[in-house]
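The values are calculated or read from the model by the stated rules, or taken from the named source; none is laboratory data. The structure presented is a predicted model; accordingly, all values stated were derived computationally and were not measured. Note that each Cβ is placed from the backbone with ideal geometry, even for glycine, and that neighbours are counted across all protein chains shown.
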Amino acid sequence: MASLDDLKKRIASVKSTQKITKAMKMVAAAKLRKAQESAERGRPYSEKMNNIILNLSEGILDKDDAPKLLSGSGNDKIHLCVVMTSDRGLCGGFNSNIIKKAKSYFDKLSADKKDLKIITVGSKGNDQLKRVYGDKIIANISFKESKNANYFDADKVGKMVIEKFEAEEFDICVIFYNQFKNVITQIPKAQQIIPLNVKNSERDKSEDSYEFEPDEDEILNNLLPKNISTQIFKAMLENVASEQGSRMSAMDNATRNAGEMVDKLTIEYNRSRQAAITKELIEIISGAESL
Amino acid sequence: MSDEFKIEIVNPEKYFLSKENVTEVVVPAFEGEMGILKDHISIISFLKPGIITVYSKSGEDKFYVEDGIVEFKNNNLSVLTSSIFNLKELEKSKLQDLLKEAEEESNNSEINDQSKYLVDQKIEVLKSLN
């Protein structure tokens with residue numbers, strides 16, 4: 001049995017860990033509110049963007065000269081996966097969930113004999129993926145310096161993806177991120193952004209015909225790259241909110257577990273203290289009796 | 001009958017502006033300035049760097065945009081843009097920064113014709129604001 005001193009030390013250390021997790025939980029809760037707000041504020045933009053593109057693409061999709069970002073390159077040999085994770089740990093299953101989702105997708109690809117390329121956004125994903133898929137990772141981007149997710153960063157990723165697409169380095173692009181549902185539920189998602197999947201999306205049913213200035217092709221060519229950045233930005237916002245939510249519930253659990261452990265250790269401490277006292281008493285009594 | 005319609009300006013971070021009672025909006029469309037009044041035909045166009053002017057009964061607001069898309073439908077004008085500044089709040093120093101950035105970009109020799117055109121536009125507008 002551990003000595004009294006050891007137990008005392010352990011209780012103190014668990015308590016200080018609990019303080020840390022509690023503080024982290026509160027910080028995450030504060031950040032979560034902000035992240036959630038900005039995720040909600042960011043939604044109208046991507047929704048409107050989507051609507052406009054849907055309206056535009058209706059007429060243009062069947063044409064042969066439809067923009068490649070919309071119709072695809074004609075093949076589906078090389079897949080580019082953009083795996084978006086956080087830069088910090090201690091957020092429960094947040095990163096592993098994305099990685100798991102991504103890995104199952106990778107396995108499917110290799111079963112179908114497709115080529116794979118990976119871009120990781122956020123250092124945690126890179127850490128986990130480089131062990132197995134190190135040779136497939138073509139780039140790693142991390143935004144440790146920027147405090148909040150901002151459009152400028154997303155645009156950088158978007159431009160890089162488009163550049164690689166135009167250089168015909170891949171045919172299909174999928175982004176992986178966590179969609180924020182609520183504090184305890186985040187859904188890992190895989191979303192295809194190139195070619196854009198317009199057929200399965202909900203349409204804003206409007207029979208209105210638009211006037212275009214300049215013509216449809218040019219607008220689409222201008223709009224589609226922007227849409228990619230927008231989708232990536234949306235994913236980033238969802239990810240930030242998910243990360244904080246996940247961290248908050250993980251830290252809440254940790255705090256509770258630490259509390260349980262302190263209770264258990266305190267009981268053990270008291271028991272051994274009593275046992276020691278009893279032992280001393282017995283020694284004194286039996287010593288007195290022998291006189 | 002009122003001749004007012006609704007405008008929404010959205011940037012990736014938030015609703016930048018939402019106003020129910022505007023009477024006229026002038027946007028710097030790609031092929032020239034375009035004034036929009038109520039019951040305009042449905043239109044989609046994109047923007048070049050310039051000034052959006054929003055007129056309403058209570059006065060006019062001016063915004064500087066660098067790019068974006070406008071959609072007008074059912075008396076609802078949506079402007080999507082990634083960089084927009086309210087001229088009232090835009091400080092001189094920020095303006096100088098933007099101008100410097102644009103000039104640097106313009107001097108970049110690898111720039112293609114279309115972006116060169118846009119950057120030159122941007123410089124022109126920024127200079128006129130100074």
(request) Can you give me the number of residues within segment B:73-83 that are in a loop (DSSP other than H, G, I, E, B) and either touching a Gly at 6+ places or on another chain (Cβ under 7 Å) or facing chain A (nearest Cβ under 9 Å) (or both)? (result) 4
(message) Looking for something under 24 Å from B:L17 (Cβ atoms) and more than 18 Å from the chain's Cα centre (by Cα) - is there at least one such residue anywhere in segment B:53-60?
(response) yes
(message) Against the definition (surrounded by fewer than 20 Cβ atoms within 10 Å (Cβ to Cβ), in a loop (DSSP other than H, G, I, E, B) and more than 13 Å from the chain's Cα centre (by Cα)), how does B:I111 come out, yes or no?
(response) yes
(message) What pairs come out if I take residues in segment B:31-55 that are without any contact (Cβ under 8 Å) to a residue 40 or more places away in the chain and within 14 Å of another protein chain (Cβ to nearest Cβ) and pair them with residues that are among the charged types (D, E, K, R) and surrounded by 20 or more Cβ atoms within 10 Å (Cβ to Cβ) whose C-beta lies under 7 Å away, six or more apart or interchain?
(response) B:I44/B:E71
(request) Find the residue count for segment B:97-108, including only residues that are assigned to a helix (DSSP H, G or I) and farther than 18 Å from B:I84 by Cβ. (result) 6
(message) Please verify whether A:N182 is within 17 Å of A:N95 (Cα to Cα), among the polar types (S, T, N, Q) and assigned to a loop (DSSP other than H, G, I, E, B), treating the condition exactly as stated.
(response) yes
(request) Report, by residue number, each residue of segment A:234-269 that is charged (D, E, K, R) and either buried (at least 24 other Cβ atoms within 10 Å of the Cβ) or outside any helix (DSSP H, G or I) (or both). (result) A:K234, A:E238, A:E243, A:R247
(message) Restricting to segment B:5-23, count the residues that are among the acidic types (D, E) and buried (at least 17 other Cβ atoms within 10 Å of the Cβ).
(response) 2
(message) Residue under question is A:F165, and the condition is that it be touching a residue at least 40 places away in the same chain (Cβ under 8 Å), in contact with a strand residue (DSSP E or B) (Cβ under 9 Å, 6 or more places away or on another chain), more than 14 Å from chain B (Cβ to nearest Cβ) and in a loop (DSSP other than H, G, I, E, B); does it hold?
(response) no
(request) Among the numbered conditions (1) within 24 Å of A:T230 (Cα to Cα); (2) within 14 Å of another protein chain (Cβ to nearest Cβ); (3) buried (at least 17 other Cβ atoms within 10 Å of the Cβ), tell me where B:Y64 comes up short. (result) (2)
(message) Step by step: first the residues of segment A:80-98, then only those that are modelled with pLDDT of 90 or more and surrounded by fewer than 21 Cβ atoms within 10 Å (Cβ to Cβ), then the one that is nearest to A:L196 (Cα to Cα). Which residue is that?
(response) A:N97
(request) Output the qualifying pairs, or none if there are none: Cβ atoms under 6 angstrom, residues six or more apart or on different chains, first residue in segment A:145-158 and within 24 Å of A:A30 (Cβ to Cβ) and within 11 Å of chain B (Cβ to nearest Cβ), second residue part of a helix (DSSP H, G or I) and of a type in the set (S, T, N, Q). (result) A:A154/A:S229
(message) Being surrounded by 19 or more Cβ atoms within 10 Å (Cβ to Cβ), away from chain A (no Cβ under 14 Å), touching a strand residue (DSSP E or B) at 6+ places or on another chain (Cβ under 6 Å) and assigned to a strand (DSSP E or B) is the requirement here; does B:V70 meet it?
(response) no
(request) Filter segment A:10-25 for residues that are of a type outside the set (G, A, S) and loosely packed, with under 13 Cβ neighbours inside 10 Å and give the result. (result) A:K19
(request) Identify, by number, the condition in (1) within 14 Å of chain A (Cβ to nearest Cβ); (2) in contact with a helix residue (DSSP H, G or I) (Cβ under 9 Å, 6 or more places away or on another chain) that B:L90 doesn't meet. (result) (1)
